[in-house]
Structure formats: structure tokens, C-alpha cells
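Visitor: One structure coming up, written as C-alpha cells, with questions to follow.
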Amino acid sequence: MDYLQLKKDIIEFSKSIGIDKIGFASSDPFIEMKNLLIRQQELGFQSGFEEKDIEKRTDPSLIFDGPRSIIAIALAYPSRMKDAPKGKKGERRGIFCRASWGIDYHILVREKLELLAEYIDSKVPNSRFKLMVDTGELVDRAVAERAGIGWSGKNCSIITPEFGSYVYLGEMITNLPLEPDEPLHDQCGECRLCIDVCPTGALVQPGQLNAQKCIAFQTQTKGFLADEFRDKLGNRIYGCDTCQTVCPKNKGMDFHVHPEMEPNPEIVKPLLQPLLSISNRDFNEKFGKIAGSWRGKKPIQRNAIVALAHFKEKSAVKDLVEVLKKDVRPVMRGTAAWALGKIGGTEAKEALLNAEKVEQDEEVKTEIKKGLNYFIVKDEA
């Protein structure tokens, strides 16, 4: 088998099926990444969504019998929305991050990997593969960096010269000895804009993220949002793009090459108030095909309440009072109580005083007190 020619054929085929960039890496253990992950674990900086076994995350031989190389791919996604609706008083809108625009990228990237695997198998029968997109054991960023897809930026994203950091990553481990590509050298230079503007200071230093403080992570949690993050959330209801949008390497980067990635403005920038009472069925029908729905409607609804408080949206008071009175979930009732205090007004205060008399959940009681404290502060002022 002429593996040099095979590699050329794979590259050519990848272009024909819409893979925007492809690279090849050795299957050696990722020693530097292992050391970084150990340090992250020691500091408590992990999100908890990752594979917990660091050995499996950094040694391909532990998850694949006889690995010889890894093929990494990247698909470019849009950074700008056409005909984006504008929120206004009485019709406030939330926003899903760009990685949740269009059809769930896990599906799209896996489809490309499967087509690639089928092609390689047709050229080399009995080839073996392990395909991964985001939820696999290996760290996508480490594989992409080694394969020359891009360099690892200070914002912990892979930055490509062609598409900036607006790319989805995927990879496949193979039993084929494909020649590795050269990694790209860091091109961030002295720039540290992403670190300086991170809303919560989650970027501790270049290339090190405290996931527990990252807004993107916080939008995906299901419990009460910690006080320190509520005023930082803005109108984000899933994810955060700040460290990408400020990156000079992303200036002018906006690619609309995959129709499936085009955002439906009413889905990725939805009206906030209807979210408070949306049924499971309607939620799944409207949002089920996007990546931002993977945690269900609860985090989205909680974040919508926080966003309405951010806007101090008076027209939402009636809906929030309904949540406080009738929602069976303590997180929703409690967040609504806090939001009512933040928004203010006679109706909001009355609702909080009434809820204080009947609420049984201790965490919700605490949130009711927080809401009422806003009125005490205003009265004292």
C-alpha cells in the first residue's frame, strides 16, 4: 500500500464532501495535554462534562487497539446572522452562541467522518477507525493542534489561519500509518484581548481556562446560578462568544459554506417571555435540533429569567409572578423571585411578600429574601 498516495487521496476526497480542513497526526500519547489536565484537575478547573479518566483522554492506545495515526477535520461555521431580529422593550430576546446555530454540529461533523471512513475502507479493506466529535475521550483541541489544523489560542480555542476559531472539530483514530503533518506555531503574539475582556475572568492565563467560571459552562448548569454570574450573563441563554468575537484573528471571518449551519433567527435569538411557559413538546419541536438543547429546557428557562432581569423588563413581571406561584421546580421559582426584585415595582413586591408567607423550599426562601432586599436598598436610597 502506497500510504503517501492514500493520504493525498483522502485529502482530495475530504474536499469533495465539504470538509474545510483536514490534518494528520501521530497517535503518540499527548504528554503536554496530560500534564495540563492533571493541573486543571488539581485546581478544580474542569467542567465535569469531560471524560474523567485523564489517561484515556491523552493516550489513544487505551481506547483503540493498535493506533497508527489520527485524522483531524474542521468545518467552518458562520459568525454573522442574516436578518437578525432586534429585541426591544416588551419583546426582549436571548441569544444562543454561534456553536449552536443551525443543526447540531455533532451530527454534521460525525456525518463527514463517517463518509471519510467509508471512503478509506473502500481503498483499504478492513481498516479500523474510532470516530469522535466533542464527546469522545480525546481532547479535540490537542489532536487538531498536533495535526496542523490550527494553533491553540490563549482563549483555549483552535485558531485556523483560514477560518479563525469559527470551526467545529472532529477526529478519527486509525490503524493506518499515515504521515503526520507539521503543527502550526502560535500566532497570538503579545495579544491578550480574550483574557482581558472575559466577563468572569475565567481565562486565568494564556491557554488556561477555569471552566467553573466560564459563562458558557454556567449557562449549561441546572441548579441555581451563583450570584456572581447573574449580572454577567446578559441575554445569553446558551454559551458565550466573547473570547472569540474580540479575537483579531477572527476579524472578517464569516463563512456560509454549509447550509445546515445557517441559523434560524427565531430559534437562536428567541423571544424570552414565551420561554418561561414553553412545554417540553414545544421546546423539543423548536429547539431539539440545535446543540444548545442538549441539557433540556430547564437551563434555558432559568437563563431567560436572568436575561429578563438584566433588561429590567417590566412587561415580564406578570409571567414571572406566575412562575413564582405555580412552577413546581424550586430553581425556577427562586430565580423568578430574584428577578422580580431586580425588576422592581409594586406588583413584583406584592408577589414576593405573598410568596414569602407560603413558600416551603429553603433555597427559594433565600431567593425571595434576595428579591425583597432590592426594595429595601431602593427605599434606603
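Visitor: So in the stretch 241-255, with the set limited to residues that are touching a Phe, Trp or Tyr at 6+ places or on another chain (Cβ under 9 Å) and part of a loop (DSSP other than H, G, I, E, B), which one is farthest from Ala202 (Cα to Cα)?
Guide: Applying the first criterion (touching a Phe, Trp or Tyr at 6+ places or on another chain (Cβ under 9 Å)) to the stretch 241-255 yields 244, 250, 253-255.
Filter again for part of a loop (DSSP other than H, G, I, E, B), leaving 253-255.
On the way: Met253: 24, Asp254: 26, Phe255: 28 Å.
For the stretch 241-255, the residue satisfying everything is Phe255.
Visitor: Output the helices (runs of 4 or more DSSP H) that fall wholly within the stretch 273-343 and possess 2 or more residues being among the β-branched types (Val, Ile, Thr), on the phi < 0 side of the Ramachandran plot and over 26 Å from the mean Cα position of the chain (by Cα), or say none.
Guide: On the way: elements: 280-287, 297-311, 317-326, 330-343.
Correct list: 317-326.
Visitor: Could you check the stretch 97-140 and list, in sequence order, the residues that are modelled with pLDDT under 95 and at positive phi?
Guide: Asn126, Asp134
Visitor: Shifting gears a bit: Test Phe224 against the stated conditions and say whether it is in contact (Cβ under 8 Å) with a residue 24 or more places away in the chain and either buried (at least 17 other Cβ atoms within 10 Å of the Cβ) or in the same structural domain as Thr135 (by TED's automatic domain parsing) (or both). Reasoning before the result, please.
Guide: Numbers: in contact (Cβ under 8 Å) with a residue 24 or more places away in the chain: yes; either buried (at least 17 other Cβ atoms within 10 Å of the Cβ) or in the same structural domain as Thr135 (by TED's automatic domain parsing) (or both): yes.
So Phe224 fits the description; yes.
Visitor: Sticking with this one: Just to be sure before I move on: is Cys191 surrounded by fewer than 20 Cβ atoms within 10 Å (Cβ to Cβ), in a loop (DSSP other than H, G, I, E, B), touching a strand residue (DSSP E or B) at 6+ places or on another chain (Cβ under 6 Å) and not basic (Lys, Arg) in the structure I sent?
Guide: Numbers: surrounded by fewer than 20 Cβ atoms within 10 Å (Cβ to Cβ): yes; in a loop (DSSP other than H, G, I, E, B): yes; touching a strand residue (DSSP E or B) at 6+ places or on another chain (Cβ under 6 Å): no; not basic (Lys, Arg): yes.
Answer is no for this residue.
Visitor: Which of the residues that make up the stretch 88-99 are crowded, with 16+ Cβ neighbours inside 10 Å and touching a Ser or Thr at 6+ places or on another chain (Cβ under 8 Å)? First the steps, then the outcome.
Guide: If we filter the stretch 88-99 for residues that are crowded, with 16+ Cβ neighbours inside 10 Å, which is where we start, we get 92-99.
Once the filter is applied, which keeps residues that are crowded, with 16+ Cβ neighbours inside 10 Å and touching a Ser or Thr at 6+ places or on another chain (Cβ under 8 Å), the stretch 88-99 yields only Arg98.
Visitor: I would also like to ask the following. Please determine whether any residue of the stretch 52-61 is farther than 30 Å from Ala304 by Cα, among the small types (Gly, Ala, Ser), assigned by TED's automatic domain parsing to the domain that holds Val109 and modelled with pLDDT of 95 or more. I'd like the intermediate steps shown before the answer.
Guide: Just the residues of the stretch 52-61 that are farther than 30 Å from Ala304 by Cα, to begin with: 52-61.
In the following step, the residues that additionally are among the small types (Gly, Ala, Ser) were identified as 61.
From what is left, the residues that are assigned by TED's automatic domain parsing to the domain that holds Val109 are 61.
Filter once more, so that each one left must be modelled with pLDDT of 95 or more: 61.
Among the residues of the stretch 52-61, at least one is farther than 30 Å from Ala304 by Cα, among the small types (Gly, Ala, Ser), assigned by TED's automatic domain parsing to the domain that holds Val109 and modelled with pLDDT of 95 or more, which makes the answer yes.
Visitor: What residue, among those in the stretch 336-379 that are surrounded by fewer than 21 Cβ atoms within 10 Å (Cβ to Cβ) and of a type in the set (Gly, Ala, Ser), is farthest from Phe229 (Cα to Cα)?
Guide: Gly345
Visitor: Then there's this: Are any of the residues in the stretch 177-188 modelled with pLDDT under 95, crowded, with 16+ Cβ neighbours inside 10 Å and not acidic (Asp, Glu)?
Guide: Scanning the stretch 177-188, I find at least one residue that is modelled with pLDDT under 95, crowded, with 16+ Cβ neighbours inside 10 Å and not acidic (Asp, Glu), so the answer is yes.
Visitor: Another one. Are any residues in the stretch 204-222 of a type in the set (A, V, I, L, M) and either in a loop (DSSP other than H, G, I, E, B) or closer than 21 Å to Asn303 by Cβ (or both), and if so, which ones?
Guide: The answer is Leu209, Ala211, Ile215, Ala216.
Visitor: What are the residues in the stretch 356-381 that are over 19 Å from His310 (Cβ atoms), more than 35 Å from the chain's Cα centre (by Cα) and assigned to a helix (DSSP H, G or I), if any?
Guide: Glu356, Lys357, Val358, Ile376, Asp379, Glu380
Visitor: Name the residues in the stretch 242-282 that are among the charged types (D, E, K, R) and more than 18 Å from Ile103 (Cα to Cα), would you? Working first, answer last.
Guide: Initially, the stretch 242-282 is screened for residues among the charged types (D, E, K, R), giving 249, 251, 254, 260, 262, 266, 269, 281-282.
Answer for the stretch 242-282, where residues must be among the charged types (D, E, K, R) and more than 18 Å from Ile103 (Cα to Cα): Lys249, Lys251, Arg281.
The values are calculated or read from the model by the stated rules, or taken from the named source; none is laboratory data. Remember, it's a predicted structure, so these values are computed and weren't measured experimentally. We place every Cβ from the backbone using ideal geometry, glycine too, and count neighbours over all the protein chains shown.
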